[in-house]
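Chemist: I'd like to ask you about the structure that follows.
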Amino acid sequence: MTATAGKTVRRAEPIALVLAWLALPALVYYVWICQTYHHGQLVLPSPGMLHQLPRPTLKSMVVIIGWVGYQAILQVLLPGRRALGLPLPDGGRLEYRLNGLLSLLVTIVLLTVLLIGTNTPAWVVGNLGPLLSTTNIVALGVTVFLLLRGRHEPGDSPGPIRRFWYGSELNPRIGRFDLKLFFEARPGLVGWVAIDVCLAARQQQEHVLSASMILVCAFQLAYVLDYFVHEEAVLSTYDIRHEKFGWMLCWGDLVWVPFLYTVQARYLADHDPGLGASALTAITVLNAAGYVVFRRSNLQKHTFRNNPQTPVWGEAPHFITTANGSLLLVSGWWRLARHINYLGDIAMSAAWCLLCGFDSPLPYLYIAYFVVLLVHRERRDNRICQAKYGADWTEYRARVPYRIIPGVY
Ligand code: NDP
């Protein structure tokens, strides 16, 4: 890219960010409207949809603020292992308290009590619209709070729009409470499970619990459970290592994850595609294969970064020692593609969508978005690593030429 073209792109970026700030919530509302008013079918967006936008209610505010507060209390009060993050640019390492698994289990017990003893599932499913609007407001409030803190770090994004979008602090904390780790995982990720469970319970109340619904809930619960079982591995991910905490992450974690990742369960609550045993088996195998690639590769990198002597696939690992001291693994999964972990995630998302059959394209919006997200994310990560590691990254790219799919891309 020439210097002039680079400047033009940088000047246009705030406009693109404002458009995305409007478009992303609009997409989540659009999906909600298709599900609520159009039987889960895609329809052409129309101005009339503006009148269908759900408003927050007093009860939805109490529920969402109570939910975020409840998850925060669990993070503060429950016992948890202490772990150190990877070294920061200044050489320091932050300490984290990892009690996500216990928080999830405690929350599952609470959900079970609510499912058995109250009408919570029906209320949640009937009030997803107000809950969505309230969560949007909460995400905005957290972002404004972060901006008002006014803490800046070296390499801060220039201009208020970029700062709003990307954030100013890499690791904003209130005392020892790490805001990014909390919002990354707790209210949204656990909220995803909670909404899935409510949708399944509602389906059971009104129809019959379908095999597709059982599997989608099981796969997604396993995904979230796995996240917390390997919570420490999160500390070496892109979000924790490089992404500052602004609206993009906060809104993504709070709104996008629980309200869009439930698109399959929401669809299945009212539609049983009636998939046969062979289709369900094939989908289960696809999900399991995706999981193996996703989990083993992420764990391999994490283990390597913490103990580079650990054998990889039974052999001493090959790696590149970069000029700044970081090591880049070139063995095992990381020999196959530079983001082989994304391939596993994409395979799992395909399995979740396929459980919905082919009567509506709506559930497939998820995999379409996910592929775009991960392709874009890989390119951003590539740029960051190229800038950070220079010639070492060029050598790494030569040794591992594929981005995500070995032999293809
Ligand atoms: P990675 O965990 O792959 O982290 C990328 C970072 O790892 C790089 O910036 C670099 O950081 C380091 N790195 C890259 N290559 C190597 C190597 N060969 N050896 C050692 N270190 C290396 O990316 P993400 O955080 O994006 O993804 C983590 C997982 O989360 C993935 O499986 C992804 O699919 C999933 N994910 C899921 C999402 C969802 O919504 N469900 C959303 C986003 C991600 P450095 O060298 O600076 O340490």
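The values are calculated or read from the model by the stated rules, or taken from the named source; none is laboratory data. What you see is a predicted model, and the numbers here were worked out from it, not measured in a lab. Please note: Cβ atoms are built from the backbone with ideal geometry, for glycine as well, and neighbour counts cover all protein chains shown.
Chemist: Conditions first: (1) over 25 Å from Y389 (Cα atoms); (2) more than 9 Å from the ligand (Cβ to nearest atom). A337 passes all but one, so which condition is the exception?
Modeler: All conditions pass for A337, except number (1).
Chemist: Which of the residues that make up segment 185-227 are among the acidic types (D, E) and surrounded by fewer than 20 Cβ atoms within 10 Å (Cβ to Cβ)?
Modeler: E206, D226
Chemist: Name the helices (runs of 4 or more DSSP H) wholly within segment 111-216 that hold at least 1 residues that are closer than 23 Å to W67 by Cβ and out of contact with any Phe, Trp or Tyr (no Cβ under 8 Å at 6 or more places or on another chain)?
Modeler: Filter on segment 111-216 gives 120-126, 128-149, 179-185, 191-206.
Chemist: Limited to segment 138-167, what total is found for residues that are closer than 30 Å to R266 by Cβ, surrounded by 15 or more Cβ atoms within 10 Å (Cβ to Cβ) and out of contact with any Ser or Thr (no Cβ under 9 Å at 6 or more places or on another chain)?
Modeler: So the count comes out to 5.
Results for (1) part of a helix (DSSP H, G or I); (2) more than 16 Å from the ligand (Cβ to nearest atom); (3) in contact with a Lys or Arg (Cβ under 8 Å, 6 or more places away or on another chain), shown as yes or no for each residue.
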| position | (1), (2), (3) |
| --- | --- |
| R266 | yes, yes, no |
| A279 | yes, yes, no |
| R305 | yes, no, no |
| T310 | no, no, no |
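Chemist: Consider only pairs whose beta carbons are under 7 Å apart and that are at least six residues apart or on different chains; among these, list those whose first residue lies in segment 370-396 and is in a helix (DSSP H, G or I) and whose second residue is more than 10 Å from the ligand (Cβ to nearest atom).
Modeler: Sorted first by the residue in segment 370-396, then by its partner, the pairs are E378/R403; D392/A323; W393/Q386.
Chemist: Here is a follow-up. Return the pairs, sorted by first residue and then second, in which the second residue is of a type in the set (S, T, N, Q) and near the ligand (Cβ under 6 Å from one of its atoms), the first residue lies in segment 330-345 and is under 19 Å from V285 (Cβ atoms), the beta carbons are less than 9 Å apart, and the residues are 6+ apart or on different chains.
Modeler: Partner pairs satisfying both residue conditions: G344/N298.
Chemist: Looking at G91, G66, G80, which is the one that is out of contact with any Pro (no Cβ under 9 Å at 6 or more places or on another chain), within 29 Å of Q264 (Cβ to Cβ) and either assigned by TED's automatic domain parsing to the domain that holds E206 or modelled with pLDDT of 95 or more (or both)?
Modeler: G66
Chemist: Looking at segment 226-237, I want the residues that are outside the structural domain of V292 (by TED's automatic domain parsing) and have a partner that is among the polar types (S, T, N, Q) with Cβ atoms under 6 Å, at least 6 apart or on another chain. Which pairs are those?
Modeler: Note: pairs meeting the criteria are A233/N298.
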